[in-house]
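Before any comments, here is the structure.
The values are calculated or read from the model by the stated rules, or taken from the named source; none is laboratory data. Predicted model, so just to flag it, every value in this text is computed and none were measured. Using ideal geometry, Cβ is built from the backbone for each residue, glycine included, and neighbour counts are taken over all protein chains shown.
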């Protein structure tokens, strides 16, 4: 019974993280296309002066504008997203029922991948609108799906790191003094 409850908890946590990230991503992208697109890539709304703006942009690459000039990019990036989703499903099935951090991470990665995949299929590009900057230094624009992917991958790395620490090989016991003296 406990195993069944743990599996249900795993699936609910995974699904909640995935659905929440997809819904938030798509909703905020609709808002960006509706309210920020008319302002163009150079206009936008300042949220925190000199640090954080909302500014419409589109990218044909992956997170943070990488690989925009990849030949056949739309097809390749769609295939990569589909393979990533298959891997997320595989790792979810192979994970233990009590690995809640991993289940959350996989939900965020899956939801982020789906969020950007929806844009890529529907529009041929991904809507970005979050811009962080300090003075003149500006990070590439991103969206909620990108953030979900980054947080999910960071949680997966943390899970791997903590898992390795928790499963370290036990220290070997010193040789038995009676057996080492030679009788």
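Each row is one residue, and each column tells you yes or no for (1) surrounded by fewer than 23 Cβ atoms within 10 Å (Cβ to Cβ); (2) assigned to a loop (DSSP other than H, G, I, E, B); (3) within 14 Å of the chain's Cα centre (by Cα); (4) at pLDDT below 90.
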{"position": "93", "(1), (2), (3), (4)": "yes, no, no, yes"}
{"position": "105", "(1), (2), (3), (4)": "no, no, yes, no"}
{"position": "110", "(1), (2), (3), (4)": "no, no, yes, no"}
{"position": "128", "(1), (2), (3), (4)": "no, no, no, no"}
{"position": "133", "(1), (2), (3), (4)": "yes, no, no, no"}
{"position": "162", "(1), (2), (3), (4)": "yes, no, no, yes"}
{"position": "170", "(1), (2), (3), (4)": "yes, yes, no, yes"}
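Filtering the stretch 14-56 to residues that are in contact (Cβ under 8 Å) with a residue 12 or more places away in the chain, part of a helix (DSSP H, G or I) and farther than 29 Å from residue 85 by Cα leaves 36, 37, 39. Among residues of the stretch 88-111 that are closer than 16 Å to residue 153 by Cβ, those with a beta-carbon under 6 Å from a residue that is at pLDDT below 90 and part of a loop (DSSP other than H, G, I, E, B) at least six positions away or on a different chain give the pairs 102/95. Screening residue 27 on (1) modelled with pLDDT of 95 or more; (2) out of contact with any strand residue (DSSP E or B) (no Cβ under 6 Å at 6 or more places or on another chain); (3) surrounded by 12 or more Cβ atoms within 10 Å (Cβ to Cβ) shows it passes everything except condition (3).
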